[in-house]
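I have placed the structure first, in the form of structure tokens, so that the comments after it can refer back to it.
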Amino acid sequence: MNKILKLIPTITKRYESKLDRYFFYNNVNGKCWDTDSIIGAIVAALDGSLTLDEIIDTISSNTVEVKKDELKIQFNKIFDFLEKEGFIYECNR
């Protein structure tokens, strides 16, 4: 997949260390989303510099206990949801 995603500039992101969770707030539509620190760190780092395949390859190389195909399925679901909800968007390099 050559899809490249980026966090929408109007999103406020916050990491709460005591909860070990990330919180994202869309300042335009008022939607909130929270997630664990691992997924949150990945989403917070979406800066349009990597394709989805490159992101999955990086995660897969650091997560040997989970199959690459499973990671791809899970992250595609997460990214599709976030794109629909207005937290991330597809961009060009």
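The values are calculated or read from the model by the stated rules, or taken from the named source; none is laboratory data. Keep in mind that this is a model prediction, so the values were computed, not measured. Cβ coordinates were reconstructed from backbone atoms using ideal geometry, including for glycine residues, and neighbour counts include every protein chain displayed.
For the reader, a short list of remarks on this structure follows.
- So Ile38, is it of a type in the set (Val, Ile, Thr) and surrounded by 14 or more Cβ atoms within 10 Å (Cβ to Cβ): no
- Taken over the stretch 1-21, the residue count meeting the criterion of being over 21 Å from Ile55 (Cα atoms) and either β-branched (Val, Ile, Thr) or under 14 Å from the mean Cα position of the chain (by Cα) (or both) is 3.
- Filter pass, Phe24 being over 14 Å from Lys3 (Cβ atoms), within 11 Å of the chain's Cα centre (by Cα) and surrounded by 15 or more Cβ atoms within 10 Å (Cβ to Cβ): yes
- Asp69 satisfies every condition listed in (1) of a type outside the set (Val, Ile, Thr); (2) modelled with pLDDT of 95 or more; (3) out of contact with any Ser or Thr (no Cβ under 9 Å at 6 or more places or on another chain); (4) outside any loop (DSSP other than H, G, I, E, B) except (2).
- Residue in the stretch 57-65 that is without any contact (Cβ under 8 Å) to a residue 24 or more places away in the chain, over 14 Å from the mean Cα position of the chain (by Cα) and part of a strand (DSSP E or B) present: no
- Only residues that are surrounded by fewer than 13 Cβ atoms within 10 Å (Cβ to Cβ) and in a helix (DSSP H, G or I) were counted in the stretch 42-52, giving 0.
- Beta carbons closer than 6 Å, at least 6 apart along the sequence or on distinct chains, pair a first residue in the stretch 70-93 that is surrounded by 15 or more Cβ atoms within 10 Å (Cβ to Cβ) with a second that is part of a helix (DSSP H, G or I) for Leu71/Ile56; Leu71/Ile59; Leu71/Ser60; Lys72/Ile56; Ile88/Leu82.
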